[in-house]
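These notes concern the structure reproduced below.
What follows draws every value from the coordinates through simple rules; no lab data is involved. All figures in this text were calculated on a predicted structure; none of them were measured in a lab. Heads up, the Cβs are rebuilt from the backbone with ideal geometry, glycines too, and the neighbour counts pull from every protein chain shown.
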Amino acid sequence: MNIPSTESVTSCSTVDTHPDWSHIPDHSRHVFLCTGPRCTQRGSLQLWKKLRRRLLEHARIETPGGVLLTRTHCQFPCNLGPVLTVYPEACWYRVRSEAEAHRIVDSHLVEGIVAADLLIRSQA
């Protein structure tokens with residue numbers, strides 16, 4: 001039987017710390033943008049910058065009532081990427097342009113209105 005060690009994991013280098021990194025940032029929605037290999041090939045890293053800038057314009061980054069924006073690896077469905085998910089609503093979006101990214105921010109993340117035409121629909 002393998003019994004876990006109670007010893008701390010150590011590293012060869014010092015890990016930076018900051019008091020803000022010890023709590024969950026204020027937010028009401030958590031947005032996950034896929035930056036896996038296929039979504040990255042479809043422009044997700046550029047979209048990340050556009051989303052972040054737009055959220056900053058609306059003062060919605062890590063604020064009460066705002067958004068915690070997180071990059072992920074593959075979320076699937078890769079063929080419909082770049083994929084962006086919004087929680088707690090569990091909305092899955094396909095975002096292909098800066099204009100679509102701005103619509104999701106302005107409509108869903110600021111006004112609270114889902115951009116229904118950009119949603120990824122389940123295929124039964």
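A few points about this structure:
- Of all DSSP beta bridges in the chain, antiparallel share, percent nearest 5: 55
- The chain pair-distance distribution - Cα-Cα, 10 Å bins, rounded %: 12, 38, 26, 15, 8, 1
- Most mobile listed residue (Ile104, Ile61, Ile113) in the chain, GNM with C-alpha springs under 10 Å: Ile113
- Placing +1 on the Cβ of every Lys and Arg and -1 on the Cβ of every Asp and Glu, with no other charges, gives the chain a dipole of roughly 600 debye about its Cα centre.
- The charge dipole of the stretch 43-83, taken about its Cα centre with unit charges on the Cβ of Lys, Arg, Asp and Glu (plus for the first two, minus for the last two), comes to roughly 140 debye.
- Difference of contour (0.36 nm per residue) and Cα-Cα distance, Glu62 to Ser22: 13.0 nm
- Note on the chain: with a GNM built from Cα contacts shorter than 10 Å, the maximum mean-square fluctuation among Leu45, Leu84, Leu33 falls on Leu45.
- Extension gain for the segment Lys49 to His102, taken as residue separation times 0.36 nm less the Cα-Cα distance, is 18.0 nm to one decimal.
- Coil-residue GluC sites (Glu not before Pro) of the stretch 59-123, DSSP, other Cβ within 10 Å capped at 13: Glu89
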